[in-house]
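The structure appears below as C-alpha cells.
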Amino acid sequence: MPTSPMSEPSPEPGRRQILRTAGLGISAMALGSPLLAACKVGSGDSGSGGGKDTTDTLKIGFVSPRTGAAAGFGEPDAYVLGLARKAFAGGLTIGGKKYAVKIIDKDGQSNPQRGSQVASDLINGEGVDLMLTTSTPETVNPVSDACEAAGVPCISTVVPWEAWYFGRGAKPSQKQAYKYTFHFCFGVEQFHQAYTHLWPQVKTNKKVGVMWPNDSDGNAIRESLGPLLKKDGYGIVDPGAYTDGTNDYSSQISRFKSDHCEIFNTFPIPSDFATFWRQAAQQGYKPKIVQVAKTGLFPSQVEALGPLGIGIAGGAYWTPTFPYSSSLTKISSKDLADGYQKSSGKQWTQQLGPSLALFDVAAAALQAATDPRDKKAVAQAIGRLDVQTPVGRLQWGKGPNANVVAAPILGGQWVQAAKGSPYKLDFVLCENSSDPNVPVAARLRPYTS
C-alpha cells in the first residue's frame, strides 16, 4: 500500500551537528473479535508467551517507560503485549523449522541508567535474539547503545530520528552509522511540515512566542526548527532558554503580550506547561494558536488542564483514523483503538500504533533472516525490510539513512468531545502533510478558552 514519502532529506550540516550533540527528544512528553478481546494482557517485567524455553525458542526483549516521568507512553503496553503474545502463541516457522516465541518485557523507569541496566539483563541474562524499545531518548538511546555494543539486533521508535541517530554519536557523513540498531520515527522536517501546514489555517500576524527550555530538547529545537520557521516568514520571539521546573513565567508572558505573539509554541515537560498555561490565563495572554509538543500527546495530560486544554494544538504519530493494519495481528488501526478502549476502559492513546508496529517489524525481521538465531543475519534483514504496520508502510533503505525510516507526525487539535461520548476530549487531525493517506477531520480553529 503506498503512503506519502517516508524518507526525508537529511538536515543541513549545521543542524545535524547540533542534533548530534543535543537530542531532540519528546520526554520530560471494540475489537469485534471475542478471541482478541479476550487476550490475556501482560504486566511489567514479565516473560510469558509462546511455549517452552528451549534452544528452539526465540526471545524478544521489550523495554519501555512504564513508570517515571514518561510513564504515559507505557500506558497501553499491557494491551499491546497481550496482542503480540497471542499472535506469537503458535510460534513461527522459519526455513522449515518451528520456533516458539517468548516476549520478555521490562520497565525502563524513564531513566537512562535503568534502561541500560535492563537492556544488559536482557542481553546477558536472558540471551534475547532481538530487542524492541520505545518512547523517549532516556529509554531508547541507552537500550540501543547496549545492543549495538553487544551485537544484538534492535528496533526502536518514538524518539525523533535525529535525536536517536546523531544523539548517539553518528556523524553527518555516515549513511549507516550502526550495524545492529534500527529506528522508525518522525524528525525535524515532519514537525516543520506539520506546523507550516497547520498554522496558516488561522489568520495570524505570524509572530511566534516560543518557550524552548534549556535542555537537550529545547536547545535542539532552537537551533534546528527555529531557522526553518524563520525562512517561512515567521517571526520568532524567544525570551531565552528557561530551566525545567521553573515556577514563575511572568517575564516570558509579559514579553509575549508586549510583542503581540499570536502563535505560541513550546516543547516542555508536562508539569511546566501546566504551570505556564495557568499563569498565562491569569495574566491575560491568549494567543490564537497554542502549539505544544512533548506534552499534550495523551488525553490525561490535556484533561488535567480543565477548560484551558480545549483548543490546544498538538501532533500525532498515530490515530485510529490511520488507514493501516498490523501485518502480524491483522488488526486495523480503528479496531486497535476500539479494542483497547473496551479492554481498559480508557481512551485510546497514540502510543498504541507504534508499539504494535514494533512487533510487526520484529516478526518480519525474524522470518526474513536466513537463520533467526544468527544476530548478524537478523540485523541485515532489518535493513532490507518492507513492512506494513499501523503507522504505515516502513521501508528501510530509502533514507534518510540506512538505519532510519522517517515516519509521519500530523498536526491536529484537542476539541470538546461530541455529546454522548464517554470521553471529555477528542483529538482531530487538521493537516496530513507527511502522510496524505490519513484523512483530515477538521480545520484548525482559533484557541478560545
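The values are calculated or read from the model by the stated rules, or taken from the named source; none is laboratory data. Please read all numbers here as calculations on a predicted model, not as lab measurements. As a convention, Cβ positions derive from the backbone with ideal geometry for all residues, glycine included, and neighbour counts pool all protein chains shown. The area values use the complete protein model at the heavy-atom level, side chains included, leaving out ligands, DNA and RNA. Shrake-Rupley method; radii C 1.70, N 1.55, O 1.52, S 1.80 Å.
Figures for the structure shown
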{"quantity": "Separation in nanometres of the label points that stand 7 Å from Cα toward Cβ, at Ala441 and Asp248", "calculated": "4.1 nm"}
{"quantity": "Three-way shape call for segment 54-149 based on the alpha-carbon gyration tensor, with the a/c threshold at 1.5", "calculated": "oblate"}
{"quantity": "With every protein chain in place, the chain: carbon and sulfur % of accessible area (1.4 Å)", "calculated": "50 percent"}
{"quantity": "At R0 = 41 Å, FRET efficiency that the Cβ-Cβ distance of Arg384 and Lys424 yields, to 0.05", "calculated": "0.35"}
{"quantity": "Sequence-distant residues sharing a close amide H with Leu58 (under 5 Å, placed H)", "calculated": "Ala100, Val101, Lys102"}
{"quantity": "Mean Cα-pair separation over length for segment 392-441, i.e. relative contact order, pairs under 8 Å, 6 or more apart, %", "calculated": "27 percent"}
{"quantity": "Amide H contacts of Leu425 (H built 1.01 Å from N, under 5 Å, at least 5 apart or other chain)", "calculated": "Ala417"}
{"quantity": "Over 20 Å (Cα to Cα) - which of Lys102/Lys375; Lys86/Lys179; Lys286/Lys419; Lys330/Lys375; Lys342/Lys424 fall in this group", "calculated": "Lys86/Lys179; Lys286/Lys419; Lys330/Lys375"}
{"quantity": "Note, ³J(HN,Hα) from phi for segment 250-257, Karplus 6.51, -1.76, 1.60, rounded to Hz, x at Gly and Pro", "calculated": "4, 5, 5, 4, 4, 5, 5, 5"}
{"quantity": "Solvent-accessible area per residue for the chain (1.4 angstrom probe, square angstrom)", "calculated": "36 Å²"}
{"quantity": "Dipole moment magnitude, nearest 20 debye, the chain about Cα centre, only Lys, Arg, Asp, Glu C-beta charged", "calculated": "640 debye"}
{"quantity": "Within segment 74-232: Cβ-based charge dipole about Cα centre, in debye rounded to nearest 20 (Lys, Arg +1; Asp, Glu -1)", "calculated": "540 debye"}
{"quantity": "Within the chain, helix-based [θ] at 222 nm, where runs of 4 or more DSSP H residues each add -39,500 (n - 2.57), nearest 500", "calculated": "-9500 deg cm²/dmol"}
{"quantity": "Farthest positive-ward along segment 339-381 dipole, Cα basis, beta-carbon charges - from Thr349, Gln380, Ala362", "calculated": "Thr349"}
{"quantity": "Dipole axis of the chain (+1 Lys, Arg; -1 Asp, Glu on Cβ), positive-most option in Ile263, Ser110, Asn205", "calculated": "Asn205"}
{"quantity": "Highest-first arrangement of 230-239, 97-106, where packing means the average Cβ count within 10 Å", "calculated": "97-106, 230-239"}
{"quantity": "Positive dipole terminus of the chain, leading residue within Ala163, Thr243, His192 (C-beta point charges)", "calculated": "His192"}
{"quantity": "Dimensions (Å) - segment 302-449, Cα atoms, principal axes, largest first", "calculated": "57, 34, 24"}
{"quantity": "Segment 97-159 - charge dipole about Cα centre, Lys and Arg +1 at Cβ, Asp and Glu -1, debye rounded to 20", "calculated": "280 debye"}
{"quantity": "Semi-axis lengths (Å, descending) of the ellipsoid that matches the C-alpha gyration tensor of the chain", "calculated": "36, 24, 19"}
{"quantity": "Separation of alpha-carbon centers, segment 77-93 and segment 195-257, rounded to whole Å", "calculated": "42 Å"}
